[in-house]
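K.L.:
Just dropping this structure here.
Just so it is clear, none of the values below were taken in a lab; they were calculated from the coordinates. For clarity, every value in this text was computed on a predicted model and none was experimentally measured. Cβ atoms come from the backbone with ideal geometry, glycine included; neighbour counts cover every protein chain shown.
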Amino acid sequence: MSDTVGKPIKCKAAVCWAAGEPLKLEQVEVAPPRAHEVRIHILYTGICHTDEYTRSGKDPEGLFPVILGHEGGGIVESVGEGVTSVKPGDHVIPLYTAECKECKFCKSGKTNLCGKVRATQGQGLMPDKSSRFSIDGKPIHHFMGTSTFSQYTVVADVSVVAVNPKAPLEKVCLLGCGITTAWGAVAKQAGIKGSNVAVFGCGAIGLGVISTAALVGASRVIAVDTNPGKEAWAKKFGATEFVNPTKLPEGTRIQDYLVEITDGGLDFTFDATGNVRVLLRSVHVMRAALEACHKGWGVSTIIGVAAAGQEISTRPFQLVTGRTWRGTAFGGVKGRTELPGLVEDYLKGDMKIDEYVTHHRTFAEINEGFGDMHAGDCIRCVVDMSRFASKNSPPQHRERSDDLTPPDTRFPPQRAEEGEDTENERYVEEQATDDDERRGAVLAAREEQRELPAMRDDACECFENVRPQSHVIQIPSRRVER
């Protein structure tokens, strides 16, 4: 048994102290799991647009200070009383969409939404309305029930699933969000085989929809994106055609063009952008996706979630004449029940994951990873939570070695009472100076990006699960000293 069981652990976490601030590597104290909780050693995490949405301050309901991250993979360090679904040593994926198997939602057989921990998860807290993270005794908010930007995290036992240990966690961690969302959005709909499909947005989720549609046998898969660099990616993942709306003749709306080239419209369309407010050739993207559907039977699925408070609209005639507008959360996938099967599909070669990973970063470079995400050539960036580069290391695509030794061997956790200086802590101290010098430039650049592009590179559907209800504990806001 590990000597950390039942004791607080000190480790590194990327903390967002305030909206718009870059993440800052801090030493945090992670309390032991309480009843029906699991403490996980996070080895790898992806960076998703939802993390950036909250970090940037665009989420009006974002909570700070907070440890972001929701697309991770790791090993169970310890479990609290009453936990039977996982055990220490299990390879696991945290789930931002819980599955208790007991609530009204879980028993309905109609949805993958679960009501067990939704209220407190939205408040940035554990089910008992407290936090397991603290710095100098001050609590830090959880994020989406997962907080994978910490080397150790605590989750509810209904929010984690064990997977085959043969699967590389640096790859299958991505099943915690985007890839699974895309797979479920397609695979859980009947009738796609032999149908015409259009996918709006070619980020990670859009590419996942394209890949799954091609896999299940769609006869025609049309990718739609304003970034010409996405054409090669879309076709690599199975698109038969690529349409850039900005290249259409003046006055031609994207939905009209799609209806024309498909003899009346698409059988299925998918919005993977989350764009409602921003206009594309004078039409909202979600609306365009619906209106590109075939009269009588076309189905448009919203995957990307727009900013809080936004609304969608169309003419009622579009629905009266037989088109269907629907949405999906986490692709309709029940994480604890179905995710292990997706891992097995990956191991058999039946599911793409490797192809999504275009960038690698050390934990020390997590802010650069956010920059990668905005680059046109980035699909997914995976962060190695154990690795800390020198502060002078130039940003780059970091290709990991084949050494899969768990990071707890190379960087063992500290019990809180030890408090010894480590290489990681020294890096954090060095980083503070660099952070202060560059923060002004970073924030200025972020401000210039406040306006959304015509079509975002990617959009995650997981905002639904992070909305706070009412504050239960007071968590002070701390800004990095200037």
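K.L.:
Looking at this model, which pairs from Lys116/Lys334; Lys116/Lys138; Lys107/Lys348; Lys7/Lys138 are more than 23 angstrom apart at the alpha-carbon?
P.N.:
From Lys116/Lys334; Lys116/Lys138; Lys107/Lys348; Lys7/Lys138, over 23 Å: Lys116/Lys138; Lys107/Lys348.
K.L.:
While we're here: Along its three principal axes, how long is segment 2-50 when you only count alpha carbons? Whole Å, largest extent first please.
P.N.:
Answer, in whole Å and largest first: 37, 20, 19 Å.
K.L.:
With viscosity set to 0.890 mPa s at 25 °C, what whole-number translational diffusion coefficient in µm²/s follows for segment 64-132 from Stokes-Einstein and a Kirkwood radius over Cα pairs? Don't jump to the answer; show the numbers that get you there.
P.N.:
Working: Rh = 13.9 Å.
Value of D from the Cα-based Kirkwood radius: 177 µm²/s.
K.L.:
Rg/Rh for segment 1-90: what does it come to with C-alpha atoms and Rh from Kirkwood?
P.N.:
Details: Rg = 14.8 Å, Rh = 14.5 Å.
Computed over Cα atoms, the ratio is 1.02.
K.L.:
Expressed in nm to one decimal, what extension gain is obtained for the pair Ile312 and Trp297 from 0.36 nm per residue of sequence separation less their Cα-Cα distance?
P.N.:
Using 0.36 nm per residue and subtracting the Cα-Cα distance, I get 3.4 nm.
K.L.:
Report the label-to-label distance for Asp350 and Ala35 in nanometres (one decimal), using points 7 Å from each Cα along the Cα→Cβ vector.
P.N.:
It works out to 4.0 nm between the two label points.
K.L.:
Next question, about the same structure. Once R0 is set to 45 Å, what does the formula 1/(1 + (r/R0)^6) return for the Cβ-Cβ distance between Lys166 and Thr111, expressed as a FRET efficiency to the nearest 0.05?
P.N.:
Result of the calculation: an efficiency of 0.90.
K.L.:
Using only the alpha carbons of segment 189-327, determine the length spanned along each of the three principal axes and report them from longest to shortest in whole angstroms.
P.N.:
On the principal axes, segment 189-327 reaches 35, 32, 30 Å in Cα extent.
K.L.:
Let me ask something additional. Where the Cα atoms of segment 39-195 are projected onto their three principal axes, how long is each span, largest first, in whole Å?
P.N.:
Taking the Cα atoms of segment 39-195, the three principal extents are 59, 38, 34 Å.
K.L.:
How do 20-26, 379-385, 226-232, 329-335 rank on mean C-beta neighbours within 10 Å, highest first?
P.N.:
On the way: 20-26: 20.7, 379-385: 26.4, 226-232: 17.0, 329-335: 23.9.
Peptide ranking by packing, descending: 379-385, 329-335, 20-26, 226-232.
K.L.:
Using 0.36 nm times the number of residues separating Lys87 and Ala190, minus their current alpha carbon distance, what extension gain do you get? Please report the intermediate quantities before stating the final value.
P.N.:
Working: separation 103, 0.36 × 103 = 37.08 nm, distance 3.67 nm.
That works out to 33.4 nm of additional length.
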